[in-house]
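The values are calculated or read from the model by the stated rules, or taken from the named source; none is laboratory data. Treat the numbers as computed from the prediction; the structure is a model and nothing was measured. Counting neighbours? That spans all protein chains shown, and the Cβs are built from the backbone with ideal geometry, glycine included.
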2 protein chains.
Amino acid sequence: METYYGIEAATGAALEGEFEITQPSMVGEVMERAQEAFNAYQSISADKKGDFLIAIAEEIEAMGDILVHRAMAESGLPEGRIIGERGRTMNQLRLFGAVAKKGEWVEAAIDTADANRKPFPKPDLRKQLEPLGPVIVFGASNFPLAYSAAGGDTASALASGCAVIVKAHPAHPGTSQLVADAICKAADRTGMPKNIYQHVHGTGFELAQELVKHPLTKAVGFTGSFVGGKALYDIANQRDEPIPVFAEMGSVNPVLIFPETLKQKAAEWGNTYAGSITLGSGQFCTNPGLIVAIKSNGLNEFTDSLLESLGTITSQQMLHDGISNAFNEGKAKLKSDGIVEVIYAKDEENNRLGGPCVAKVDGTKFLQNPTLQKELFGPYSLIVACESADEMLAVIRSFEGQLTGTMIIENEELNNYGAHFKALKNAVGRIIFNGVPTGVEVATSMNHGGPFPATTDSRYSAVGADAIKRFARPVSYQNCPSSLLPLPLQNENLNGIYRKVNGELSNASIPF
Amino acid sequence: METYYGIEAATGAALEGEFEITQPSMVGEVMERAQEAFNAYQSISADKKGDFLIAIAEEIEAMGDILVHRAMAESGLPEGRIIGERGRTMNQLRLFGAVAKKGEWVEAAIDTADANRKPFPKPDLRKQLEPLGPVIVFGASNFPLAYSAAGGDTASALASGCAVIVKAHPAHPGTSQLVADAICKAADRTGMPKNIYQHVHGTGFELAQELVKHPLTKAVGFTGSFVGGKALYDIANQRDEPIPVFAEMGSVNPVLIFPETLKQKAAEWGNTYAGSITLGSGQFCTNPGLIVAIKSNGLNEFTDSLLESLGTITSQQMLHDGISNAFNEGKAKLKSDGIVEVIYAKDEENNRLGGPCVAKVDGTKFLQNPTLQKELFGPYSLIVACESADEMLAVIRSFEGQLTGTMIIENEELNNYGAHFKALKNAVGRIIFNGVPTGVEVATSMNHGGPFPATTDSRYSAVGADAIKRFARPVSYQNCPSSLLPLPLQNENLNGIYRKVNGELSNASIPF
């Protein structure tokens, strides 16, 4: 039996507990168990599935400090952040529990029969979304709770009716295992099929690869680096039966600051952005890595204020040595490459701390060097100083797909920058006005996604109630006996959900 | 200038008219024009876009017999079918025109701000679906009108706000060109941006490949063979920026006939299926290519009736020589391979006619030979005779992804075959009871799609109002000034559309 153990982020020391590594050769058994569980789960009511999700939240909460302390040790994140993230995780589980129970997410559509229609009788036709099958979820290093064992991908996939196999992120095996145990407890307590949720550990890429390759796997959820997400995406597309991969791979989240704001509020925004860049040691997928503005006194004032505020912020622990090493190497490379001018770099003696870094470059140079758009994961941001509004527009039009884009702009100058707004909107999943991109609201109206390479499928969000749609497909029932129809498609509309009835939304039963 | 011409399906003779072939080297210019048109189209109101689609229907209708006769000549399809298909095409255009005008398809979601929320103020967040960008549509040989120049893919992509480039199917260049001219006329008449619709001709694969590869291309719609669809899908996934491909690649559309029906109504269903198998010379993607039942006197009676009825049906013209040659070769191979027993094969002297063919095989042999699941495009069906209900279940579980699955079953035996129902449902996009799979209703509740290899993305339908969602992605607006918000997200709900407001569907304006 091969095992590994957790590492304390702050010290690199081994933590208590050994975790068994699942060998790639075991994937077949894992997936067959998942398929069997998926089949059984189809007979469980949506209401019971909702109970299961809510029970997971309860079991996580019931662990109390044990989970909080383990997550702090493995991730290096402070207590407030972990408690906040635990709250977010439980909210997500309860949200998807409610979504499952209500059943409106299936987008039920009913077209009633008309035997007298000419030239052919019109059949009775009913459609709803149904689960794809077993889903592989990869734990994210930067969200040990909210995007890991019981995170948003797991919650939405279980709510949709899929079986879930989580591969724990090796940076927090203990946290992941504690949560996995809570899920299994909740599954037992609410009478779910055995193995509806499975949890595996592994440190290499081969296990991940075998999980994605297995013919019984029907979808993949991933949050992490471009390299990791794209590799899984390619494997999934090269299968005999390609499967959807929803990989959220982060981005540089450009922020545009417009002239009037720079005249009026430069210092204030400089201070605000110092906080956003360093939040969670810059380890959010929505971290603002790019700030674009036209050269002006205001931009100088903004920059001065940003650097001054950064000087007052204590550097934070990074998630694990892989990330802090990459960040430190990235900072060093910025200096040695000399393409950008590093105007702030706090180098910490303890290199597990993320010492913030800010660089500056001209618009022309930025346009000539597409690699400057690549994310340096951590508390880093690049200021792009443009000669003119036209150059600023060219810079925006050069953006790769992004999770977010932000406009810091005064009302009176909105009309001058319509083209900038449109160009930014076309590149992003979410556009923010006069705020910071960090902070991702869990709401129906949230889109946490965006054009490639921010994600592998811009048509879906990873956050909010609609995230459930990633793991479902429509099925139509034509002239189906009512005893075989799924509940949301039956005439009696027991939950009073909205359905498209003969093309119009209605929450009535049929016949009206 | 390289040109080609249309071929009369019935004779192989050249038809009037020469069509200029777009060289692969011209793709860059085509796509830049499309991008420019897409940018301009974003400023056109949804209402005007709807007018455009409705105008296309009018222009097509206005061509009258010229279009009907050309389509008949190029496709070999009879007048009634072409007139019916033209009607379907105009219905689709008007449907998507109405969908665009109403604007409810954007799935608007609004979460209102709460400045007093703790620990952080809640932002104002609004989300809607927006068009992906220029879309390539490939004309389908088997639907010269309904899935070609102004077919369902074009109509839904234009309605969503995308620019469209259609590559005409080389089997009906004249039909395609007539329709393309009608679209351009409609675009002019309704004041649409130049090049919002472009139409190109080509006979080789290279043009298709370059269109899909071009960086400005953002999505692809395709209806046709597995080989063609999969090749485009692979190209799209190997791009630097992978893009979604919705390829509908057909299937064998299995039909299960259960014992009680075979006792009571074998002859009647045999007769009905003779009609379904030969409809349009078997050239529908929903053609029933597989009939599965348990060995019995009833199955023999069904088979006798099927063959007898086939004997009374006049063979019809196939679409083009490529298809009729492949069908004739496929029939010959069935006999020479000897895996199945050919029990009916009408061989026509004029081999452009599709002489129906029926074969038979044991369940065991079927399970041993997965290639028997491959579609033979044309009026062909394979009867799989099983030893038992268990073997029948194993056969169903072996199915690849299918557009449709059909159950011919009496109410009194429904309870005996729950496992068969579930297994079939998991393999298909649409499940039909006591009917035929041919005939695809244009309705919201229609799913014309299904698990791979029936399509490349089981999460979307190619038919019905929801087909528009293939070409759109969500965009969130956070604290966006109302002057920049798209109409469906503004407080005033001018069209009275349903929106998710703070998580609940409502057609009211805000504040309530």
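Restricted to helices (runs of 4 or more DSSP H) entirely inside the stretch B:39-123, those with at least 2 residues that are farther than 30 Å from B:Pro170 by Cβ and either in contact (Cβ under 8 Å) with a residue 40 or more places away in the chain or in contact with a Lys or Arg (Cβ under 6 Å, 6 or more places away or on another chain) (or both) are B:46-62, B:79-102.
For the stretch B:69-83: of the residues being farther than 13 Å from B:Asn142 by Cα and either over 20 Å from the mean Cα position of the chain (by Cα) or at pLDDT below 95 (or both), which is surrounded by the most Cβ atoms within 10 Å (Cβ to Cβ)? Checked the stretch B:69-83; the qualifying residue surrounded by the most Cβ atoms within 10 Å (Cβ to Cβ) is B:Arg70.
Just one of the listed residues (B:Gly228, B:Gly250, B:Gly191, B:Gly282) is surrounded by fewer than 19 Cβ atoms within 10 Å (Cβ to Cβ) and at positive phi, and it is B:Gly191. If the condition is being part of a strand (DSSP E or B) and more than 7 Å from chain B (Cβ to nearest Cβ), then the stretch A:423-434 contributes only A:Val428. Based on this model, can you work out whether B:Asn479 counts as surrounded by fewer than 24 Cβ atoms within 10 Å (Cβ to Cβ) and in contact with a Gly (Cβ under 9 Å, 6 or more places away or on another chain)? Taking the combined requirement at face value, the residue satisfies it.
Only one of the numbered conditions (1) farther than 14 Å from B:Ile291 by Cα; (2) surrounded by 15 or more Cβ atoms within 10 Å (Cβ to Cβ) is violated by B:Pro370, and that is (2). Of the residues in the stretch B:32-49, at least one is among the aliphatic types (A, V, I, L, M), over 24 Å from the mean Cα position of the chain (by Cα) and buried (at least 18 other Cβ atoms within 10 Å of the Cβ).
Remark: B:Thr112 falls outside the filter, which requires a residue to be more than 14 Å from every other protein chain (Cβ to nearest Cβ) and either at pLDDT 95 or above or over 17 Å from B:Phe246 (Cβ atoms) (or both). When B:Pro437 is tested against (1) modelled with pLDDT of 95 or more; (2) crowded, with 21+ Cβ neighbours inside 10 Å, only condition (1) is not met. Determine whether the stretch A:450-472 contains at least one residue that is within 33 Å of the chain's Cα centre (by Cα), more than 30 Å from A:Gln283 (Cβ to Cβ), within 9 Å of chain B (Cβ to nearest Cβ) and surrounded by 23 or more Cβ atoms within 10 Å (Cβ to Cβ). Checked the stretch A:450-472: at least one residue is within 33 Å of the chain's Cα centre (by Cα), more than 30 Å from A:Gln283 (Cβ to Cβ), within 9 Å of chain B (Cβ to nearest Cβ) and surrounded by 23 or more Cβ atoms within 10 Å (Cβ to Cβ). Among the numbered criteria (1) in a loop (DSSP other than H, G, I, E, B); (2) more than 22 Å from B:Thr89 (Cα to Cα); (3) in contact (Cβ under 8 Å) with a residue 12 or more places away in the chain, which one does B:Tyr460 miss? Tallying (1) in a loop (DSSP other than H, G, I, E, B); (2) more than 22 Å from B:Thr89 (Cα to Cα); (3) in contact (Cβ under 8 Å) with a residue 12 or more places away in the chain, B:Tyr460 fails exactly one: (2).
Of all residues in the stretch B:361-386, those that are among the polar types (S, T, N, Q) have Cβ atoms under 8 Å from Cβ atoms of residues that are assigned to a helix (DSSP H, G or I), 6 or more apart or on another chain, in B:Thr364/B:Glu391; B:Ser381/B:Tyr273; B:Ser381/B:Ile277. Residue pairs whose Cβ atoms lie under 6 Å apart, separated by 6 or more positions or on different chains, with the first residue in the stretch A:391-405 and touching a residue at least 60 places away in the same chain (Cβ under 8 Å) and the second of a type in the set (Val, Ile, Thr) and surrounded by fewer than 22 Cβ atoms within 10 Å (Cβ to Cβ), are A:Met392/A:Ile294.
For B:Pro379, the criteria (1) at pLDDT 95 or above; (2) out of contact with any Ser or Thr (no Cβ under 7 Å at 6 or more places or on another chain) hold in every case but one, which is (2). Scanning the stretch A:473-495 for residues that are under 33 Å from the mean Cα position of the chain (by Cα), among the hydrophobic types (A, V, I, L, M, F, W, C) and under 24 Å from B:Val442 (Cβ atoms), we see that the one that is farthest from the other protein chains (Cβ to nearest Cβ) is A:Leu489. Which residues, counting only those in the stretch B:407-426, are surrounded by fewer than 15 Cβ atoms within 10 Å (Cβ to Cβ) and aromatic (Phe, Trp, Tyr)? Result: no residue meets the conditions.
In the stretch B:130-168, the residue that is nearest to B:Ile21 (Cα to Cα) out of those that are part of a strand (DSSP E or B) and away from chain A (no Cβ under 14 Å) is B:Lys167. Screening B:Pro437 on (1) closer than 15 Å to B:Tyr273 by Cβ; (2) part of a strand (DSSP E or B) shows it passes everything except condition (2). Screening B:Arg239 against (1) surrounded by fewer than 24 Cβ atoms within 10 Å (Cβ to Cβ); (2) under 30 Å from A:Pro370 (Cα atoms); (3) within 19 Å of the chain's Cα centre (by Cα) leaves a single unmet condition, (3).
Considering only residues in the stretch B:496-512 that are of a type outside the set (A, V, I, L, M), within 13 Å of chain A (Cβ to nearest Cβ) and assigned to a loop (DSSP other than H, G, I, E, B), the one that is farthest from the chain's Cα centre (by Cα) turns out to be B:Asn502.
Among the residues of the stretch A:389-406, just one is crowded, with 21+ Cβ neighbours inside 10 Å, more than 11 Å from chain B (Cβ to nearest Cβ) and either of a type in the set (D, E, K, R) or not in a helix (DSSP H, G or I) (or both), namely A:Gln402.
Scanning the stretch A:253-276 for residues that are buried (at least 24 other Cβ atoms within 10 Å of the Cβ) and in contact with an Asp or Glu (Cβ under 6 Å, 6 or more places away or on another chain) yields one hit, A:Ala266.
A residue that is touching a helix residue (DSSP H, G or I) at 6+ places or on another chain (Cβ under 8 Å), touching a residue at least 60 places away in the same chain (Cβ under 8 Å) and within 14 Å of chain B (Cβ to nearest Cβ) occurs nowhere in the stretch A:201-212.
Only one of the listed residues (A:Gly103, A:Gly80, A:Gly76) is at positive phi and within 14 Å of chain B (Cβ to nearest Cβ). That residue is A:Gly103.
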